[in-house]
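Below is one structure, written out as C-alpha cells; comments come after it.
Quick note: the coordinates plus some simple rules give every number you see, no bench work behind them. Keep in mind the model is a prediction, meaning the values are calculated, not measured. When we count neighbours, we look across all protein chains shown, and the Cβ atoms used for this are built from the backbone with ideal geometry, even at glycine.
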Amino acid sequence: MIHPYTEIKFISPEVGYGVFATNKIPMGTIVYVKDDLEIMISQEDYPKYSESLKKIIDRYSYIDPEGYRIISWDFAKYTNHCCDPNTISTGYGFEIAIKDIEPGEQITDEYGIFNLDHEIHLSCDKPNCRKVVCNEDFDKYYHEWDKKILPALEKIPYVEQPLYEFIDEITKKELEEFFKDHSKYKSVYHLRFKKVRK
Ligand SMILES: [Zn+2]
C-alpha cells in the first residue's frame, strides 16, 4: 500500500505512469508497506503463467527475501526507479522517504533491491545514472543504501505515519528495539533473496 498523499500521473509513452506526491512527505515517512492485500506469486507458481502474463508480472513486481513476486494491489507498482531516489526499501520490508518530498514531486525508488532476475535499462537522467539495474547491484551497493536508510529510520517516530498501522507486529517490535538502540539496525541486505539451487 502506498502513502495516501500520492497520485498517479501519465508521464510519457516511453516511461508510462509515475507516482507523485500530493502533499509534503517528510524524510522518515513510511511510503510503502507490503500489506495483506498484495498479490504474491511463489517461485513454484511463476513458471505456470503464460509468457504474456510473465511480462506483466516482471514489469510490476519485486521479489521478496523468500522469492515471492509481489505485485501491489494499488498504484505502488507504478513507482519508477531513479539512481538518486527519494524513497528506498529497508531491511524491515517497508519503504521510507530518505529526503523531504515536496508536493508535485515524483516518488522514486531503488530497483536494485528488487532481486530482479532480468536487467532493466534506465533513463533517469541523473549524473550518477547506472544505465542498467541488475541483480548484482544488491551486493555492490547495499552498504551505500544502508547509509541512506539509517538517518531516515531514526526520524520515524517524529513524523506523521499513516501507514504505521499496516506494519506487522514482529516488524513493529524490531523497530522499537532499533529506536532504543541504534546498533540493532537491520540492514537492507535482509531483503536479499538467496536462491536455493535444486
Ligand atoms: Zn539512472
Fewest-first ranking of Thr79, Thr90, using other Cβ atoms within 10 Å as the exposure measure = Thr79, Thr90
Over the range 6-191, volume per residue of the alpha carbon convex hull, in Å³ = 122 Å³
So what is log10(I(q)/I(0)) for the range 93-147 at q = 0.13 1/Å, when the Debye sum runs over its Cα atoms only?
-> -0.38
Say we join alpha carbon atoms closer than 10 Å with springs in a Gaussian network model of the chain; which of Gly93, Gly104, Gly67 then has the biggest fluctuation?
-> Gly104
Can you list the residues of the range 44-86 with backbone N under 12 Å from a point 7 Å past the Cα of Lys131, pointing along Cα to Cβ?
-> none
Ranking of Thr87, Thr171, Thr108, Thr29 by count of other Cβ atoms within 10 Å, fewest first = Thr171, Thr108, Thr29, Thr87
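Using 0.36 nm times the number of residues separating Asp36 and Lys9, minus their current alpha carbon distance, what extension gain do you get?
On the way: separation 27, 0.36 × 27 = 9.72 nm, distance 2.54 nm.
Full extension from Asp36 to Lys9 adds 7.2 nm.
Based on DSSP H runs of at least 4 residues, each adding -39500 (n - 2.57), what is the mean residue ellipticity at 222 nm of the chain after dividing by all its residues, to the nearest 500 deg cm²/dmol? Mind showing how you got there, number by number?
Details: 3 runs with 39 residues, N = 198.
Calculated at 222 nm, the ellipticity per residue is -6000 deg cm²/dmol.
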Gained length - Ile56 relative to Gln43, 0.36 nm times residue gap less alpha-carbon distance | 3.1 nm
At most 14 other Cβ atoms within 10 Å and a DSSP loop assignment: could you name the GluC sites (Glu not before Pro) in the range 26-70 that fit?
-> Glu44, Glu66
How many nm separate the modelled label positions at Tyr141 and Lys184, each set 7 Å beyond the Cα in the direction of the Cβ?
-> 3.0 nm
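Considering all projection directions equally, how large on average is the shadow of the alpha-carbon convex hull of the range 84-189, in square nanometres?
Working: hull surface 30.5 nm².
Seen from a random direction, the Cα hull of the range 84-189 projects 7.6 nm² on average.
Kirkwood Rh, Cα Rg: Rg to Rh for the range 1-101? It would help to have the intermediate numbers written out before the result.
Values: Rg = 14.3 Å, Rh = 14.6 Å.
Answer for the range 1-101: 0.98.
So for Val33, Val159, Val15, fewest C-beta neighbours within 10 Å to most, what's the order?
Numbers: Val33 22, Val159 15, Val15 12.
Ranking Val33, Val159, Val15 by Cβ neighbours within 10 Å, fewest first, gives Val15, Val159, Val33.
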What is the range 104-198's relative contact order, in percent, from Cα pairs under 8 angstrom and six or more apart in sequence?
-> 27 percent
